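Data block below; observations after.
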Amino acid sequence: MSRVVHFEIHASEPQTLIDFYSALFDWKFTQWGEMPYWSIVTGSADAPGINGGLVPRRGAAPVEGQAVNAFVCTVEVASVDETVLKSTSLRGTIAVPKMAIPTVGWLAYVKDPDGNIFGVMQNDPAAA
């Protein structure tokens, strides 16, 4: 069975998204040599999850209202409400408001300042 082992974020202005994700999730970005590529560490190696990378966008940013045409990654958070509020204070926008996923938790979708969509999930078996 094959598993996802890496993700990439495409950025029109890499530093803007490095600042956004660093402030929102405390992710660590390191430029990969001289290349315009940044590795992303999302947490400690002994915790579940994957790391990724940030790469300059090679085309136009997503158009507002455009259907999702890529994988959407979801990040586990302690509080969906607090994370959505913090993301909007960092120039992110709400793509899909908080909703219950019964017996699983709370989910919302957010757009980063470059229009990339990601999910935030708060575990809560009592969600209904």
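Residues of region 1-44 that are in a helix (DSSP H, G or I) and either under 13 Å from the mean Cα position of the chain (by Cα) or not polar (S, T, N, Q) (or both): PRO14, LEU17, ILE18, ASP19, PHE20, TYR21, SER22, ALA23, LEU24, PHE25.
Count, please, the residues in region 72-99 that happen to be among the aliphatic types (A, V, I, L, M) and open to solvent by less than 30 Å² (accessible area, probe 1.4 Å). Looking only at that region, the number is 4. Taking the conditions (1) within 13 Å of HIS10 (Cα to Cα); (2) open to solvent by 60 Å² or more (accessible area, probe 1.4 Å) in turn, ILE117 satisfies each one other than (2).
A quick yes/no check of all residues on (1) open to solvent by 90 Å² or more (accessible area, probe 1.4 Å); (2) in contact (Cβ under 8 Å) with a residue 40 or more places away in the chain:
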residue: LYS28; (1), (2): yes, no
residue: GLY33; (1), (2): no, no
residue: GLY43; (1), (2): no, no
residue: PRO56; (1), (2): no, yes
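Residues that are aliphatic (A, V, I, L, M), part of a loop (DSSP other than H, G, I, E, B) and within 23 Å of VAL4 (Cα to Cα) within region 45-72 comprise ALA45, ALA47, ILE50, ALA67, VAL68, ALA70, VAL72, listed in sequence order.
Do we find that ALA108 is over 26 Å from TRP38 (Cβ atoms) and either free of Cβ contacts under 8 Å to residues at least 40 places away in the same chain or over 14 Å from the mean Cα position of the chain (by Cα) (or both) in this structure? Before you say what the answer is, go through the steps one by one.
On the way: over 26 Å from TRP38 (Cβ atoms): no; either free of Cβ contacts under 8 Å to residues at least 40 places away in the same chain or over 14 Å from the mean Cα position of the chain (by Cα) (or both): yes.
When the stated conditions are applied, ALA108 does not pass them.
The values are calculated or read from the model by the stated rules, or taken from the named source; none is laboratory data. Just so it is clear, the model here is predicted, and its values are computed rather than measured. Note: ideal-geometry Cβ built from the backbone for every residue, glycine included; neighbour counts use all protein chains shown. The area values use the complete protein model at the heavy-atom level, side chains included, leaving out ligands, DNA and RNA. Shrake-Rupley method; radii C 1.70, N 1.55, O 1.52, S 1.80 Å.
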